[in-house]
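Following: one structure in structure tokens, then a few remarks.
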Amino acid sequence: MSQKKLSFFLLSVLAAALLLTGCSAPAQKTYEKNRYIYTDYLDTVCVIDLYLESGSETDFKDQIAEKLQYYHQLFDAYHSYDNLTNVYSINQAAGEQAVAVPDDLYRLLQFCIDHAEQTKGRTDISMGAVTKIWKQFMERIPAASDSEESLTGISFPSSEELETAKSHSKIENILLDEEQHTVYLTDPDMLLDVGAVAKGYVAEQIAAYIRSLGVESACIDLGGNVKMVGKRLASDGRTYWTAAVRNPETREQYDFILKLEDTYTLVTSGNYERFVMIDGVRYSHLIDPDTLWPVQEMASVTILATDSALADYLSTALFSVSVEEGREILSHYDNVEAFWVTSQYETFWTDGFESHMTKRQ
């Protein structure tokens, strides 16, 4: 082969190699699950799974912990913290002065007031005086054992005490000033308690924060308040999320799972996590705003929605009404579904909830 032909041949081989290289598909990213567990915030166990690119040495655990701590302190109705105006601060100033509060706290209170009418006042943040009585009662009772051993001879809060507390529980006595960003409780004996919606609100804010960190895929579980971020990215190739609902009677999961897209959140209120057994009756931390006693009609209510704060708010609201009344409340909302388990362990669900159910393999 002549020198000229050899040169042409080598150039042709090189061009072909470059062409093949340029046409080959780029290496596909792979992701690994990084699990962070926190036990010091929101009075529950917080589990956050981030799906990060394989080989990434980025660790967001401390950054997320700072956010959880902030919200834990902000929504605390029983303790004060340095350099932070929180729910406790508002309660301490009741009947005396308006309190300027951080944006997150103001937005949460406004949210709860805005939804009070549609939910017939079933999730009432003005009932802190009532919930405080039951909180103190529960703290005096030994925690329920795994065997649910029933206690006897326990003195309950009196009707007079509860009715007096209820007389100081009126949501119209919460005055918000949007311009000044202040909160004023007009009744000096009134107390706020945002525990019924705080975890859902925090889940939504943590999801937004995780996205701001550049994380494309995550699952946030704040003690039963589950929020999805992005599509599921994992080595098995499944991009949808799955979630389960627990049977309050057996504590096992039902024989179905939910297939969920990245916009969904799932929140459950139940009587099987925080409760005491007295004289054979289970008393949970969820209080009926009418009877002023722990709710007895429901074992759990699960809400499927796109906004975690709304799902948390509605799971509490529907817990103290019948299934029929719950359906009526849901009629005010779009894209919100529910799954009920009554105290007799009968199950009911909306059509939209059923559309996400699939038999467990």
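The values are calculated or read from the model by the stated rules, or taken from the named source; none is laboratory data. Keep in mind that what you see is a predicted model, and the values were worked out from it rather than measured. As a convention, Cβ positions derive from the backbone with ideal geometry for all residues, glycine included, and neighbour counts pool all protein chains shown. Remember, those area values only see protein heavy atoms, side chains included, never the ligands or the DNA or RNA. Shrake-Rupley method; radii C 1.70, N 1.55, O 1.52, S 1.80 Å.
The table below lists the values:
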read-out: Unit Cα scatterers, Debye sum, the range 236-361: log10 I(q)/I(0) for q = 0.09, 0.12, 0.19 Å⁻¹; value: -0.25, -0.45, -1.06
read-out: Cα gyration tensor category, rounded, prolate or oblate, for the range 298-361 with a/c compared to 1.5; value: oblate
read-out: Amide H within-cut-off set for Met127, under 5 Å, with H built and near neighbours excluded; value: Asp193
read-out: Loop sites in the range 120-221: GluC sites (Glu not before Pro), DSSP, at most 15 other Cβ within 10 Å; value: Glu148, Glu149, Glu178, Glu179
read-out: Shape category assigned to the range 164-269 from the gyration tensor of Cα positions, a/c cut at 1.5; value: oblate
read-out: Within the range 218-255: backbone nitrogen closer than 19 Å to the Lys359 label point (7 Å, Cα to C-beta); value: 243-245, 253-255
read-out: Modelled FRET efficiency - R0 45 Å, His332 with Asp279, Cβ distances, 0.05 increments; value: 0.70
read-out: Cα centre as origin, Lys/Arg/Asp/Glu Cβ charges: the chain dipole, Debye; value: 2120 debye
read-out: Helix 198-212 vs. the chain, principal-axis angle (Cα, 0 to 90°, nearest 10); value: 20 degrees
read-out: Contour minus Cα-Cα distance for Ala100 and Asp187 (0.36 nm per residue); value: 29.6 nm
read-out: Cα gyration tensor category, rounded, prolate or oblate, for the range 99-232 with a/c compared to 1.5; value: oblate
read-out: Top of Gly153, Gly280, Gly200 by mean-square fluctuation, Gaussian network on the chain, Cα under 10 Å; value: Gly153
read-out: Net length gained if the chain between Gln28 and Ser322 were fully extended (0.36 nm per residue, minus Cα distance); value: 100.8 nm
read-out: Inter-label distance for Glu117 and Gln63, nm, one decimal - labels placed 7 Å from Cα along Cα-to-Cβ; value: 4.2 nm
read-out: Straight-distance crosslink candidates among lysines, where the alpha carbon sits under 20 Å from Lys29 and sequence neighbours closer than 8 are dropped; value: Lys231
read-out: Förster radius 35 Å - calculated FRET efficiency between Phe137 and Glu172, Cβ distance, rounded to 0.05; value: 0.80
read-out: Sulfur and carbon atoms: percent of accessible area, the chain [1.4 Å]; value: 48 percent
read-out: Per-pair calculated FRET efficiency, R0 = 41 Å: Asp82 and Asp290 via Cβ, rounded to 0.05; value: 0.55
read-out: Tyr240 accessible area, 1.4 Å probe, all protein chains in place, Å² to nearest 10; value: 90 Å²
read-out: Cα-only radius of gyration and Dmax that characterise the chain, units Å; value: 25.9, 111
read-out: Proximal lysines to Lys166, defined as alpha-carbon separation beneath 23 angstrom and excluding residues fewer than eight positions away on the same chain; value: Lys120, Lys132, Lys135
